[in-house]
1. Taking region 3-120, how many lysine pairs are there with alpha carbons less than 17 Å apart, if each pair must be eight or more places apart or span two chains?
2. Residue by residue, what Karplus-based ³J(HN,Hα) values in Hz, rounded to whole numbers, does region 65-73 have, using 6.51, -1.76 and 1.60 with θ = phi - 60° and x for Gly and Pro?
3. List, in order, the whole-Hz ³J(HN,Hα) value for each residue of region 78-87 obtained from phi through the Karplus relation with A = 6.51, B = -1.76, C = 1.60 and θ = phi - 60°; use x for Gly and Pro.
4. Of all the stretches in the chain, which is the longest one without any exposed loop site, taking trypsin sites (Lys or Arg not before Pro) in a DSSP loop (any state but H, G, I, E, B) with at most 11 other Cβ atoms within 10 Å?
5. Helix-derived [θ] at 222 nm for the chain: sum -39500 (n - 2.57) over DSSP H runs of at least 4, divide by residue count, nearest 500?
6. Dipole size in debye (nearest 20) for region 64-121 around its Cα centre, Lys and Arg Cβ +1, Asp and Glu Cβ -1?
7. Count neighbours as other Cβ atoms within 10 Å of each site's Cβ, and list the chymotrypsin sites (Phe, Trp or Tyr not before Pro) in region 1-102 that are DSSP loop with at most 16 such neighbours.
8. Rounded to whole Hz and in sequence order, give me ³J(HN,Hα) for region 27-36 from the Karplus expression 6.51 cos²θ - 1.76 cosθ + 1.60, θ = phi - 60°, writing x for Gly and Pro.
Amino acid sequence: MSELGDKLKKRTKEFALRVIRMTEALPRGHAGKVLGQQILRSATSIGANYREAYRARSTAEFVAKMGDCLRELEETGYWLELIEEAGLLGATKLSALRKETNELTALFVTIIKSKKRFLNS
C-alpha cells in the first residue's frame, strides 16, 4: 500500500472510532438508538470497504469498491445532518465529524476520477 493508502487507512479507522464515540453521546430514546445504529453501520463500513479496495484484483474492481466508500460517506453525512436537525446533538459537537466527512468525500472523489481516467485511457 502506498503512503497515501496507509494514511487513508488510518484516517478512515480513526473516523469510525470518532463516530463510535459520538453515538455514545446520543440520547437513549428511540430516535437516538435508530440513528446511532444507522450511522455506526455506514461510518464503520467506509474503512472496511477502503481496505477491500486495496485488495482489488483490477482497477475496475478498485473503482467499484471506492464507489462503495463514497456511498457510505454520503450516507454518513445524511445521518449527521439528521442527528443535528433533530436536535439530538448540537452543531458544534458534530462540526468536526461533518468536516471530516466532507474532506474524505473530496479525497475519494478525486481518487475515483483519477482511476477512471486511467481506465479510459
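1. 7
2. Karplus-based 3J(HN,Hα) across region 65-73 equals 5, 5, x, 4, 4, 5, 4, 5, 5 Hz.
3. 4, 5, 4, 4, 5, 4, 5, 5, 7, x
4. The longest such stretch corresponds to 58-121.
5. So the calculated ellipticity at 222 nm is -30500 deg cm²/dmol.
6. In total the dipole reaches around 460 debye.
7. Y54
8. x, 7, x, 4, 4, x, 5, 5, 5, x
Where a number appears in this text, it was derived from the coordinates with a stated rule and is not lab data. Computed from a predicted structure; not experimentally measured. All Cβ positions, even for glycine, are placed from backbone atoms using ideal geometry, and neighbour counts span all protein chains on display.
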